[in-house]
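Take a look at the structure below.
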Amino acid sequence: MTTHGRQQRVCVVGSINIDLVMRAPQFPTAGETLLGGPFQRHPGGKGANQAVAAARCGAAVS
């Protein structure tokens, strides 16, 4: 990401979290309990996601 030949700098202020995800064989109906697989951990949070998107566009992110 450049403007007039200069790389753009972006400072992101926001959250960074760990998303805990568990897959289930189907979407539960109201009141239904399902067994899911093991928990998976994925990086997330609005600030982290925005920083990754800006970096992928070529910005220098801090």
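Out of residues 5 or more away from residue 45 or on other chains, whose amide H comes under 5 Å of its own, with H placed 1.01 Å from N in the peptide plane?
17
Can you list residues whose amide H is under 5 Å from residue 61's amide H, if they're 5+ apart or on another chain and H is modeled 1.01 Å from N?
Residues meeting the criterion, in which the H sits 1.01 Å from N, are 10.
Using the alpha-carbon atoms, what tilt in degrees (0 to 90, nearest 10) does helix 46-56 show relative to the longest principal axis of the chain?
Once rounded, the angle reads 50 degrees.
How big is the Rg/Rh ratio for the chain, C-alpha atoms only, Rh by Kirkwood, two decimals?
Rg divided by Rh gives 1.26.
Any idea what the dipole of the chain comes to, in debye rounded to 20, about its Cα centre with Lys/Arg Cβ at +1 and Asp/Glu Cβ at -1?
340 debye
Based on DSSP H runs of at least 4 residues, each adding -39500 (n - 2.57), what is the mean residue ellipticity at 222 nm of the chain after dividing by all its residues, to the nearest 500 deg cm²/dmol?
Calculated at 222 nm, the ellipticity per residue is -5500 deg cm²/dmol.
Report, for the chain, the % of DSSP beta bridges that are antiparallel, rounded to 5.
Beta bridges within the chain, antiparallel portion: roughly 80 percent.
Normalised by the number of residues in the chain, what is the relative contact order in percent for Cα pairs under 8 Å and 6+ residues apart?
48 percent
Positive end of the charge dipole of the chain (Lys, Arg +1 and Asp, Glu -1 on Cβ, about the Cα centre): tell me which of 39, 49, 29 has its Cα farthest that way.
Of the listed residues, the answer is 49.
Highest mean first, what order results for 37-48, 20-31 on Cβ atoms within 10 Å?
Those peptides, ordered most packed to least, come out 37-48, 20-31.
Ordered by residue, what ³J(HN,Hα) values in Hz, to whole numbers, does the range 29-40 give under the Karplus form 6.51 cos²θ - 1.76 cosθ + 1.60, where θ = phi - 60° and Gly and Pro are x?
Result, rounded to whole Hz: 7, 4, x, 7, 10, 10, 8, x, x, x, 5, 10.
Where a number appears in this text, it was derived from the coordinates with a stated rule and is not lab data. All values reported here derive from a predicted model rather than from experimental measurement. Quick reminder, even Gly has a Cβ in these numbers, built from the backbone with ideal geometry, and neighbours come from all protein chains shown.
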